[in-house]
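The values are calculated or read from the model by the stated rules, or taken from the named source; none is laboratory data. In this text the structure is predicted, and so the values were computed from the model without any measurement. Cβ sites come from the backbone with ideal geometry, for glycine too, and all protein chains shown count toward neighbours.
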Amino acid sequence: MIERSHLSILDQIDKQGSLTKAAEALHLTQSALSHKIGKLQQQIGAALWVKEGRQLKLTPAGNYLLKEAKRLLPQLERLDRRLLEHARGELGRLNIGMECHPCYQWLLGVIDPFMQQWPGLEVDVKQRFQFGGMAALFNHEIDMLVTPDPVRATGVSFEPVFAYEQVLIVSNQNLLASKAFIAPEDMCDQVLYSYPVASERLDIFAEFLTPAKRQPKSHKTLEATEMILHMVASNRGVATLPKWLAARYIQSLPICALSLGSAGIHKQIHLGVRSTERELPHLNRFIEVAKSQDTGSLRVD
């Protein structure tokens, strides 16, 4: 009943604003477009839009079909590209989504050896999603999600690939630098710098401060790791980073890394893929490379 052309018509009417312009964009006559939609409306027994003067107003059925068109058309276009790539003997593209700012540094160490093994495969990394990483994975906007906080859901398979400790970075001039580890109450007079992520998604809040009913003196956000570390090194505040990433800067900056609590906060980077695609050769190999990466240089004793 529903054809791809119906979805395209609704999509173009929304984009172009009129039947005439939508027909032109689809290389159809206006009468052919109207005929297609008229036949569909007869089949489903409901109107998709009504005319109010020169304007078209979508009915509830029309709004529903438009919403589905916005969701399905990008997936169908992706299928077209993949089939064309197969026909041309090309490997295509691996779209990776990131839900972890510092994970990007780790990912670079995986991509390089992987691409040496798959030279015909293009890799693209996305760090911003309209509706979040899981929605991007379900909607086929990305093929793999990199996250330290996997959400278990039917249809998605997550694989842990790299364990690390989340630590507090402080200036050597900070009084906290002499402590063996940080307690939640130690943060009450500290300015906390972080990436621009909601507080409830930050480990230091979710796993350390909030359970202890403590808060930092203030919380400020910055985009760049180097700028965050500059503020910490100048003793203007503190920040949390993976211990392996902190190790790259400790030798060149007057900073040190401290465990959050006596036991520390221990995390793992996970790679998530759609379950139906888990055994695709390139995805399977990427996960293997991520697991086998020599991470000794990323750790701090």
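Among the numbered conditions (1) touching a strand residue (DSSP E or B) at 6+ places or on another chain (Cβ under 7 Å); (2) modelled with pLDDT of 95 or more, tell me where Leu209 comes up short.
(1)
Would you mind listing the strands (runs of 3 or more DSSP E) fully within segment 106-200 where at least 3 residues are more than 30 Å from Thr276 (Cβ to Cβ)?
156-171, 191-194
Any chance you could count how many residues in segment 245-270 are within 26 Å of Asp143 (Cα to Cα) and in contact with a Leu (Cβ under 7 Å, 6 or more places away or on another chain)?
Residues flagged as within 26 Å of Asp143 (Cα to Cα) and in contact with a Leu (Cβ under 7 Å, 6 or more places away or on another chain) within segment 245-270 amount to 0.
Just checking, how many residues over segment 212-237 are within 26 Å of the chain's Cα centre (by Cα), buried (at least 16 other Cβ atoms within 10 Å of the Cβ) and closer than 20 Å to Asn172 by Cβ?
3
When Lys57 is evaluated against the numbered criteria (1) touching a strand residue (DSSP E or B) at 6+ places or on another chain (Cβ under 6 Å); (2) at pLDDT below 90; (3) closer than 30 Å to Ala224 by Cα, which criterion, by number, is the only one it fails?
(3)
So which pairs qualify, if the first residue must be in segment 33-60 and assigned to a helix (DSSP H, G or I), the second must be surrounded by 10 or more Cβ atoms within 10 Å (Cβ to Cβ) and not hydrophobic (A, V, I, L, M, F, W, C), the Cβ gap must be under 6 Å, and the two must be at least 6 apart or on different chains?
Matching pairs, first to second residue: Leu40/His6.
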